[in-house]
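Step one of this worksheet: look at the structure below.
Only the coordinates and a few stated rules stand behind these numbers; no lab work does. All values derive from a computational prediction rather than experimental measurement. Heads up, the Cβs are rebuilt from the backbone with ideal geometry, glycines too, and the neighbour counts pull from every protein chain shown.
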Amino acid sequence: MKYSKDTLLWLAGVVTALSVMAVSAHYFLGKPLFVEVMLWQVFILLCIVIISAPTARIASSLLRLYCFWLMLVAVFALSWRADIDIFPIYTIIWIACCVHFVSAAWAWFCLIGVNIGWLVIRHVAWEQEYVLTSTLLMGTFHLFAILSSFTAKESAEANERTQRLNQELLATQKLLEEASRESERTRIARDLHDLLGHHLTALTINLQVANHITQGEAKDKIEQCYSLSKLLLNDVREAVSDLRALPTVSAKALLEVAVADLPRLTVDLQVEEGLQINDVKTGQVVLRTVQEALTNTLKHTSAKTARISLVQQDQKLVFDYEDDGGFTGKITLGNGLLGMRERLEKVGGKLSIFQKSALRLNAVIPLVR
């Protein structure tokens, strides 16, 4: 069975916490504080499970945040009551998770605060000698943990950006292929009209003139040639009209490329059966709207799934997007959403933003007639 890196790291944290519990249980076995110490550690273990579990939606973001800070309080409260040198391992786990809950600047403040906390506990509660040396030594482990977490987070974000950009490039490549086909069709239609159509028209006129000045058997042959040239000219005109007709792009095929293999996000794509986009520019607007919505989710939420709906109503495309990120903050239009709105308005479309249990986007895009 294969496990993701996040799962393995989570298991490592849980096993480490269980190891600390086992050692402290052996140390306190038969002592008055045994029950109290073990209850505190069970609570700390529960906090570790909630704040670091990589599996989907084990708890809401708000509950995870509460557990994150409660874990630190519980560790210091436990350490104040019970003197055992391995308890700082809990704060090493906590500081490793810290980078996912606070900004980089605040993470460094947390690192300093945790080490000051241990300095006070060692000096006041445990009454140890060489307090500063012990605190500095354990502080190096905390420093290593936070630096490792920063590196892992930056690596994961870079990998996520690479995957997202790769999908955008694949979708754009498909759109460019359609644009290239449209350009080639237009060129062929123009050449047929300008060259073959011109010569056939001249031939038909000359045959018509010849028909008026010729007698006998030759006249019959010229009439036949004149009729054939007219038929051929009509066929060329129809072929030119067909080539100049608006090409179509499969909306489902286009969006399937855009949503495939996205990092940490499963997309439920619902596209009206047989929906075709008959203009490359419209297809580009649809594609960019979908890509920006997905980018917004990946950058600003912890969503695991997203739903995309695209249907045609009259001469308009109606696009709906919603994720399960549990967005609760105030909506601010950053460059992404502003760019989406401006792009839609250029083609006569409209963007609406709704906020319920999650952020929902609705876009209306007119089709080219």
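Worth a mention:
- With a threshold of 20 Å on the Cα-Cα distance, the over-threshold entries among Lys304/Lys350; Lys281/Lys304; Lys252/Lys281; Lys281/Lys346; Lys153/Lys304 are Lys304/Lys350; Lys281/Lys304.
- Relative packing of 141-151, 69-79, which averages over residues the other C-beta atoms within 10 Å, highest first: 69-79, 141-151
- Each label was represented as a point 7 Å from its Cα along the Cα-to-Cβ direction; for Glu127 and Leu338 these points are 6.3 nm apart.
- Ala22 versus Leu65: modelled label distance in nm, points set 7 Å from Cα along the beta carbon direction: 3.7 nm
- Here the spin labels are modelled as points 7 Å beyond Cα on the Cα-Cβ line, and at Ile353 and Val311 they lie 2.6 nm apart.
- Between the beta carbons of Lys281 and Glu157, assuming R0 = 45 Å, the FRET efficiency works out to 0.85 to the nearest 0.05.
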